[in-house]
Amino acid sequence: MVDSPHHVHFDQAVINDGLHDNSIIYQVAPDGTSLTVHLGFLQINHRYRIELTVPAQAIKDAGFTVDGNSAFVAQDVAVPNVHCRLLEFPSRTVDVKGVDHFAVTIEFFAHKEKLLKERLHLCGKEDSERRLELILVARVLGKGKGTPMLRNGIHCIGVEKTDEESEMSDWQGFAKEK
């Protein structure tokens with residue numbers, strides 16, 4: 001690691017050592033009812049497009065059967081998730097290495113600091129009885145806490161301004177007496 005007065009830089013040999021993989025991590029719950037997706041560090045008030053490459057075996061291990069469905073959709077729930085939404089979940093594909101996987105696209109908004117967990121309930125397009133709970137987990141850095149290196153497949157698509165960051169003010173100034 002080489003230090004300069006304002007930045008930390010890592011030696012390229014350390015980054016490419018095979019131990020520091022920048023991939024999104026998938027973990028099946030011990031009871032097999034859900035799939036947890038670890039997104040790494042994100043930044044507060046940033047909106048992300050997340051392109052997941054979920055191994056088909058992880059979907060099967062989570063108890064989700066995929067047969068007979070052309071695609072998958074967000075399940076209708078009483079209170080929809082406003083911070084996380086499914087954009088696309090087509091049927092499975094095979095990558096260049098011959099590994100069976102699903103290419104899932106999600107829009108994710110990092111709306112609060114620290115540990116952020118958002119849940120998506122998915123079901124088959126034709127067979128809504130087949131369900132999968134997708135849990136997205138991220139560590140969100142607050143304003144001024146740095147800029148994280150995004151994992152592979154995560155892209156920032158926008159930054160939301162908060163009330164305290166807004167340049168506009170609704171204050172009318174002091175009224176003149178007549």
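The values are calculated or read from the model by the stated rules, or taken from the named source; none is laboratory data. Worth saying up front: this structure is predicted, and the values here are computed from it rather than measured. Methodologically, a virtual Cβ is constructed for each residue, glycine included, from the backbone with ideal geometry; neighbour enumeration extends over all protein chains shown. To get the accessible areas, we keep the full protein, side chains included, count just its heavy atoms, and leave off ligands, DNA and RNA. Shrake-Rupley method; radii C 1.70, N 1.55, O 1.52, S 1.80 Å.
What is region 20-161's relative contact order, in percent, from Cα pairs under 8 angstrom and six or more apart in sequence?
Across region 20-161, relative contact order equals 37 percent.
Ordering S128, S34 by how much accessible area each has at a 1.4 Å probe, largest first, what is the list? Walk me through the intermediate numbers first.
Values: S128 55, S34 5 Å².
Ranked list, largest accessible area first: S128, S34.
How much length would be gained if the chain were fully extended between K60 and E107, taking 0.36 nm per residue of separation minus their Cα-Cα distance, in nm to one decimal? Before the final figure, lay out each step's value.
Working: separation 47, 0.36 × 47 = 16.92 nm, distance 2.35 nm.
Extra length from K60 to E107 when fully extended: 14.6 nm.
In what sequence, largest accessible area first, do E88, E129, E118 appear using a 1.4 Å probe? Walk me through the numbers on the way to the answer.
Values: E88 100, E129 135, E118 20 Å².
Highest to lowest solvent-accessible surface, that is E129, E88, E118.
Run the simple label-point estimate for E160 and H121 please: 7 Å along Cα→C-beta, distance reported in nm.
2.2
Project the alpha carbons of region 20-161 onto their principal axes and report the range along each, largest first, in whole Å.
48, 40, 28
I need the peptides 150-160, 100-110 ranked by packing, meaning the mean over residues of other C-beta atoms within 10 angstrom, with the highest value on top. Kindly include the intermediate steps, with their values, before the conclusion.
Details: 150-160: 14.5, 100-110: 19.0.
Final packing ranking: 100-110, 150-160.
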